[in-house]
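First comes the structure, then the notes that go with it.
Coordinate-derived values only; no laboratory data. Note that the coordinates shown come from a computational prediction; the quantities given were computed from them, not determined experimentally. As a convention, Cβ positions derive from the backbone with ideal geometry for all residues, glycine included, and neighbour counts pool all protein chains shown.
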Ligand SMILES: Cc1ncc(COP(=O)(O)O)c(C=O)c1O
């Protein structure tokens with residue numbers, strides 16, 4: 001089965017970024033010694049890193065989407081911050097589940113239901129391991145980061161935030177980590193306070209933190225990696241400061257969980273939210289990590305089957321955590337696909353992914369700096385694997401449309417960061433966001449295509 005799937009991978013016929021394609025197993029990296037390393041993979045990186053990054057290229061063949069041509073050009077998929085592509089390991093896990101085990105969980109006594117339930121709970125245990133949570137009961141399956149944050153706002157927030165209290169956010173938050181708190185604040189009479197961003201260099205103004213992280217602030221919710229600036233925030237330090245002051249923390253790990261090892265105990269957060277679909281998992285999957293004692297004290301947020309222990313005509317009692325927060329039939333296939341994604345990313349090596357994605361982020365920043373008239377957002381060094389930029393006289397959407405003709409998939413717009421954009425005096429940017437299956441060669445081609453596109457706009 002392994003080799004037949006790779007045979008059908010169109011990437012295996014391209015032979016362009018990837019010089020030699022043999023019969024690769026479901027995880028191509030397992031046969032890395034058999035495959036040629038592309039010289040361009042780590043251009044500009046120290047030799048040892050270049051070699052290790054080149055090994056990452058082998059994993060490209062695990063992603064059937066990547067081998068195609070778009071508008072007559074090889075696809076360069078640089079929209080990974082929106083969602084990542086899915087490897088065969090994930091696709092096959094879902095197919096296997098629907099082909100062999102499909103049944104509802106936690107309710108049946110028959111064989112298929114038992115298998116589905118075991119697989120669903122095994123995925124939860126694997127998620128706990130992936131984030132180094134203390135136990136599987138600290139993991140709630142959600143649809144997304146957005147749903148995980150809404151869960152905390154509506155359950156923990158309604159129980160713990162009241163009139164006169166404040167919620168501290170940062171100016172670089174995604175709408176998903178602003179709007180749920182706005183709704184909560186309006187309902188209970190609380191207010192929002194923002195830790196400022198320094199400017200186009202996109203750093204948190206930490207000199208303001210001591211003044212802002214004080215009563216009546218009850219919660220400090222912040223992003224690990226900014227999806228527009230590429231800034232990596234010092235989450236463990238921020239959590240430690242909040243903890244000393246008795247303030248609850250929520251980390252939005254949407255952009256970090258698939259790109260680096262995440263250890264919730266080391267970070268020291270109370271809650272952490274992330275999206276499965278941004279880490280090679282299926283769409284419609286996400287996780288909420290919550291410290292056990294907090295989850296246990298929280299009321300349910302959605303009601304229905306599975307989240308109860310007993311129901312009477314007028315009263316009900318709740319299931320134990322985390323089931324108390326999972327009403328109705330869950331996304332069983334999604335959890336099983338996510339389990340495969342966790343296994344896959346650990347085989348690829350999350351530390352290496354982090355180094356690689358940061359390398360491409362810095363490489364893109366450096367190459368873009370040479371393009372005339374460009375403005376680049378976020379820090380030059382120590383950035384994550386994404387870069388946002390703009391031109392005064394070319395609209396981001398127009399540029400993204402022209403780049404698509406070259407087969408380069410980018411994103412243009414406000415990236416759900418409208419308040420940040422307004423603060424910076426801009427409306428939209430073009431964003432290129434990278435993953436371990438992208439290469440330095442692709443970054444170079446992206447720059448060439450960008451220059452060609454700009455010529456079209458200038459009429460040259
Ligand atoms: C920083 C950040 N937070 C939250 C989200 C929301 O993720 P989802 O759409 O999976 O809920 C995103 C999505 O791009 C993001 O980048």
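Data for the structure
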{"quantity": "Rg(Cα)/(2.2 N^0.38 Å) for the stretch 286-325, N = residue count", "calculated": "1.20"}
{"quantity": "Theoretical gain in end-to-end length, residue 111 to residue 460 [0.36 nm per residue, Cα-Cα removed]", "calculated": "118.9 nm"}
{"quantity": "Rounded to 5, percent antiparallel among DSSP beta bridges of the chain", "calculated": "60 percent"}
{"quantity": "Residue 317 paired with residue 404, simple spin-label distance in nm, labels 7 Å along Cα-to-beta-carbon", "calculated": "5.6 nm"}
{"quantity": "The stretch 90-346: C-alpha gyration tensor shape, a/c 1.5 cut-off, then a/b vs b/c", "calculated": "oblate"}
{"quantity": "Pairwise centroid distance, computed over Cα atoms, of the stretch 208-229 with the stretch 232-250, Å", "calculated": "8 Å"}
{"quantity": "Area projected by the alpha carbon convex hull of the stretch 76-168, averaged over all directions, nm²", "calculated": "9.6 nm²"}
{"quantity": "Beta bridges per DSSP with both ends in the stretch 90-346, % antiparallel, nearest 5", "calculated": "45 percent"}
{"quantity": "The chain: mean projected area of Cα convex hull, nm²", "calculated": "23.2 nm²"}
{"quantity": "Calculated [θ] (222 nm, deg cm²/dmol) that DSSP helices of n ≥ 4 give over the chain, each run adding -39,500 (n - 2.57)", "calculated": "-10500 deg cm²/dmol"}
{"quantity": "Whether the stretch 144-207 is rounded, prolate or oblate, judged on the alpha carbon gyration tensor where a/c under 1.5 counts as rounded", "calculated": "oblate"}
{"quantity": "Separation between Cα centres of the stretch 409-456 and the stretch 305-383, rounded to whole Å", "calculated": "21 Å"}
{"quantity": "Cβ-derived FRET efficiency at R0 25 Å, residue 240 paired with residue 208, nearest 0.05", "calculated": "0.90"}
{"quantity": "Mean Cα-pair separation over length for the chain, i.e. relative contact order, pairs under 8 Å, 6 or more apart, %", "calculated": "19 percent"}
{"quantity": "Length added when fully stretched, residue 444-residue 95, from 0.36 nm per residue minus Cα-Cα", "calculated": "122.0 nm"}
{"quantity": "Virtual spin-label span in nm between residue 129 and residue 329, 7 Å along Cα→Cβ", "calculated": "2.9 nm"}
{"quantity": "Efficiency of FRET from Cβ geometry, residue 192 and residue 49, R₀ 35 Å, rounded to 0.05", "calculated": "0.25"}
{"quantity": "q = 0.10, 0.11 Å⁻¹: log10 I(q)/I(0) that the Debye formula gives for the stretch 302-431, counting C-alpha atoms only", "calculated": "-0.60, -0.67"}
{"quantity": "Prolate/oblate/rounded label for the stretch 223-296 (Cα gyration tensor, a/c 1.5)", "calculated": "oblate"}
{"quantity": "Computed over the stretch 67-110, Kirkwood Rh from alpha-carbon pairs, angstrom", "calculated": "13.8 Å"}
